[in-house]
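Asker: My structure is below; once you've seen it, I'll send some questions.
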Amino acid sequence: MMPNAVFIALLAVAVALAMASVIFDHSKPEPKSEPKPKPQPEPEPKPEPKPKPKFRKENRTQKRSRRQKREYRKEKPTQTQAEETQNLENRQKLRVEEMRSTQKKDEENMKIKEIIRAQVRKELNKLERGCHNMASLLHSLGICVGGWPTPLPQQVKSSYKRALLTFHPDRASRFDIRHQVEAEEKFKLIYRFKEKNSTLYT
């Protein structure tokens, strides 16, 4: 009986110790996990230095070619300068020729104008002799006069202003030579008729 009791007692003690060790292990706090270190980037490889060009001695032909290039560069500006002066002279000649041609054309136009002017003046002088007032003159020149043949002074005045605008030399400058000369002479005739006759709008 005694050995069995001792065995049972020892077994009970062993079980108690095992349970106590398990309880003690669970009561311990868990150790904190340390943060993992970040992986460091690999250093970039340094570029290899370029090898310095080795000095190469020039032979006589290479030296001569370099000397010729320098001489050519020195001579080049003188050639371009000569070309520029030649171009300038050519431009001046062309300008002189253009001026002469325009002057010749102007002289020819002046001669034509004088011939046409003489013809137009002869016609307008005949027309002026047959007109006794401004209304009849304007009607003869082709200007529409309101209330013709017995217009009111206000109607004659408006027709007079319209005639001055119609025959103004600046307006006629875009037409041919004959039209320009006729407009100039008619403008002069209307102005001259106004100065001669005191009864303008009757």
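The values are calculated or read from the model by the stated rules, or taken from the named source; none is laboratory data. Owing to the predicted nature of the structure, the values given are computational and were not obtained by experimental measurement. A quick note on method: Cβ atoms are made from the backbone with ideal geometry, for glycine too, and the neighbour counts reach across all protein chains shown. The protein model used for the area step is the full one, side chains on, heavy atoms only, and it has no ligands, DNA or RNA in it. Shrake-Rupley method; radii C 1.70, N 1.55, O 1.52, S 1.80 Å.
Asker: Among the listed residues 95, 70, identify the single one that is part of a helix (DSSP H, G or I) and at pLDDT below 90.
Answerer: 70
Asker: In the stretch 165-193, which residue that is among the aromatic types (Phe, Trp, Tyr) and surrounded by fewer than 18 Cβ atoms within 10 Å (Cβ to Cβ) is farthest from residue 126 (Cα to Cα)?
Answerer: Going through the qualifying residues, I end up with 175.
Asker: Okay, next question. Would you check if residue 144 is touching a helix residue (DSSP H, G or I) at 6+ places or on another chain (Cβ under 8 Å), open to solvent by 90 Å² or more (accessible area, probe 1.4 Å) and of a type outside the set (Ser, Thr, Tyr)?
Answerer: Here the answer is yes, as residue 144 does meet what is asked.
Asker: Here's something else I'd like to know. Restrict the check to the stretch 115-133 and report whether at least one residue is in contact with an Asp or Glu (Cβ under 8 Å, 6 or more places away or on another chain), open to solvent by 100 Å² or more (accessible area, probe 1.4 Å), touching a residue at least 12 places away in the same chain (Cβ under 8 Å) and closer than 29 Å to residue 157 by Cα.
Answerer: yes
Asker: If you scan the stretch 147-164, which residues turn out to be open to solvent by 100 Å² or more (accessible area, probe 1.4 Å) and free of Cβ contacts under 8 Å to residues at least 40 places away in the same chain?
Answerer: Scanning the stretch 147-164 gives 148, 150, 152, 161, 162.
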